[in-house]
Amino acid sequence: MTASPPLPDAFLDACDRRSINLQPAQQEQLSRFAVLVTRKNSETNLLAAREVDDIFMRHIFDSLTLEPFLRHHASFIDIGSGGGFPGIPLAILLPETSITLLEATGKKADFLSATADRLELRNVTVLKRRAEEAGRDPLHRGKYPCAVARAVAPLRILVELALPLLETGGVLLAQKGRAAQQEIEEARHALDAVGSIVEAVHDVSLAPDHGAVVIELRKASPTPDNYPRRPGIPAKRPL
Ligand code: SAM
């Protein structure tokens, strides 16, 4: 394997400012991951073309900002992982944490499996399924202490996809932007319906114009049996 390019200084500085401590082997894995995503992007749109140049700050660093919220969880599921964000950078940073990457699109899920193999990420399992199906499968329903999601759906839709997968008392960490507060307002009914409460809204922006927010929700009671609805319905007819 050819040596992978060094990580950009801006990325390493940002990690330093957040006390994200990367060992040399983890830096190498992150660099190889960036190469794999960039190569694959020409065939399958894992990222918008304009975002590839800034993959370290826009995607990898953004993924790693979840780490402080995950320290006490032995496992979590990344819903709609796409090209592996935030799940793969977090799997590199947290090798002791068991991480399930849930992704409905076949080609993306195949990329995730191949990438986990290439990077020898033994803590990663890939699930090629829709969240609506996994949320009805006894193997997955109510089984996760924590779920994360980035750029998957507005909060009122996301909670119907994610909450069924959580154990009661479990936590959903939704990575959002500037519109987070408005999404929470619009999700009031959905939150009640699936038995969830907003515990905290964390601003994780590096600069005032960055606008990066983590909404932390807790599953306060078991999800009623009628959720999630059939595949596609949560997005088509949001609660
Ligand atoms: N989380 C990644 C990121 O931040 O780059 C991907 C974001 S992409 C915009 C949304 C991803 O969620 C897509 O790969 C899509 O296939 C997946 N997705 C959307 N709805 C889903 C569902 N109901 N079940 C599983 N995956 C879903």
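So the values come out like this:
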quantity: Value of relative contact order over the chain, rounded to a whole percent, pairs C-alpha under 8 Å and six or more apart; calculated: 15
quantity: nm² value of the averaged projected area, convex hull over the Cα atoms of region 133-239; calculated: 6.2
quantity: Principal-axis tilt of helix 24-41 within the chain, Cα atoms, nearest 10 degrees; calculated: 70
quantity: Cα centre as origin, Lys/Arg/Asp/Glu Cβ charges: the chain dipole, Debye; calculated: 760
quantity: Convex hull volume per residue for region 7-128, taking Cα atoms only, in Å³; calculated: 91
quantity: Projected-area average for the chain over all orientations - Cα convex hull basis, square nanometres; calculated: 12.3
quantity: Anisotropy class of region 69-133 from Cα gyration tensor, a/c 1.5 cut; calculated: oblate
quantity: Interchain or long-range residues, amide H under 5 Å from Leu22's placed H; calculated: none
quantity: Per residue solvent-accessible surface (Å²) - the chain, probe of 1.4 Å; calculated: 47
quantity: Net charge dipole size for region 35-115 [Lys, Arg +1 and Asp, Glu -1 on Cβ; Debye, nearest 20]; calculated: 120
quantity: Largest-first ordering by accessible area, 1.4 Å probe, given options Lys143, Lys176; calculated: Lys143, Lys176
quantity: Length-normalised contact order for region 50-131 - Cα pairs under 8 Å, 6+ apart - percent; calculated: 28
quantity: Helix-only [θ]222 nm of the chain, DSSP H runs n ≥ 4, -39500 (n - 2.57) each, per residue, nearest 500; calculated: -9500 deg cm²/dmol
quantity: Percent accessible area from carbon and sulfur atoms, region 7-128, protein chains only, probe 1.4 Å; calculated: 45
quantity: Listed pairs Lys40/Lys143; Lys40/Lys128; Lys40/Lys236 exceeding 23 Å between Cα atoms; calculated: Lys40/Lys143; Lys40/Lys236
quantity: Beta bridge orientation in region 133-239: antiparallel %, DSSP, nearest 5; calculated: 70
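The values are calculated or read from the model by the stated rules, or taken from the named source; none is laboratory data. Model, not experiment: these values are computed from the prediction. FYI the Cβ positions are ideal-geometry reconstructions off the backbone, even for glycines, and counts take in every protein chain you see. We work out accessible area using only protein heavy atoms, side chains counted, and drop any ligands, DNA or RNA first. Shrake-Rupley method; radii C 1.70, N 1.55, O 1.52, S 1.80 Å.
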